[in-house]
Amino acid sequence: MANLRKSMLVVSLLMMALCGVSMAAVYQVGDSAGWTSMGQVDYRDWAASKNFHVGDTLVFNYNNQFHNVKQVAHPGFESCNATSPIATYTNGSDTVALEKLGHFYFICGYPGHCQAGQKIDILVAPATSKPNHAASPSTSSASSLYSSNLSWTWGVLGFFLLGFA
């Protein structure tokens, strides 16, 4: 009976460790500058420096008196046309889950903002893509949390395995 409990504990700890492997990333669009038309962020460069995957989340932070977020199709993105959006976000702290592979296009629907560069093309790639070694602060903190949790889990698992051997 004691061996069954020990085995169940080991299996439980292994499951906890493996759950951490599938942890998705949360990206604040534009990092600390947020979603703005003030020219502080080159959203093309920002998106190119990240590796987005299914399950990741985008957070758009902005002043909703002056901005919004419109998810549009590629033609709307190219022409800065927000008249037929796929989705509209207006609360100033919007969360968008990336639920499938492919491009997600976002623009600000306020006149002139998209033309001034407040638009972003997010490419969600398969998980087999090479990891990005130049992580932004928003992903590096999640990465550190993941590493420390995984190290702790494996440390506890090792302790229990050695104790039960």
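The values are calculated or read from the model by the stated rules, or taken from the named source; none is laboratory data. Nothing here was measured: the structure is a model prediction, and the numbers come from that model. Here Cβ is always computed from backbone atoms with ideal geometry, including for glycine, and neighbour counts include all displayed protein chains. For accessibility, only protein heavy atoms count, side chains too; no ligands or nucleic acids. Shrake-Rupley method; radii C 1.70, N 1.55, O 1.52, S 1.80 Å.
Within region 28-75, restricting attention to residues that are of a type in the set (A, V, I, L, M) and under 13 Å from residue 94 (Cα atoms), which residue is surrounded by the fewest Cβ atoms within 10 Å (Cβ to Cβ)?
The residue in question is 59.
Can you tell me how many residues within region 1-27 are open to solvent by 70 Å² or more (accessible area, probe 1.4 Å), hydrophobic (A, V, I, L, M, F, W, C) and at pLDDT below 55?
So the count comes out to 8.
Taking region 85-99, which residues are of a type in the set (Ser, Thr, Tyr) and under 14 Å from residue 110 (Cα atoms)?
88, 89, 90, listed by residue number.
Inside region 22-76, counting only strands (runs of 3 or more DSSP E) that do not spill past its ends, which hold 3 or more residues that are under 13 Å from the mean Cα position of the chain (by Cα)?
Counting at least 3 such residues, we get 26-28, 57-61.
Given the structure, is residue 88 under 13 Å from the mean Cα position of the chain (by Cα) and of a type in the set (Ser, Thr, Tyr)?
no
Filter region 79-129 down to residues that are part of a loop (DSSP other than H, G, I, E, B), in contact (Cβ under 8 Å) with a residue 60 or more places away in the chain and open to solvent by 30 Å² or more (accessible area, probe 1.4 Å), then give me how many there are.
Of the residues in region 79-129, 8 are part of a loop (DSSP other than H, G, I, E, B), in contact (Cβ under 8 Å) with a residue 60 or more places away in the chain and open to solvent by 30 Å² or more (accessible area, probe 1.4 Å).
When both residues are 6+ apart or on different chains and their Cβ atoms are under 8 Å apart, which pairs have a first residue that lies in region 42-57 and is basic (Lys, Arg), and a second that is not in a helix (DSSP H, G or I)?
These pairs meet every condition: 44/120; 44/121; 50/27; 50/132; 50/136.
Out of 96, 59, which single residue is of a type in the set (A, V, I, L, M, F, W, C) and in contact with a Leu (Cβ under 6 Å, 6 or more places away or on another chain)?
96
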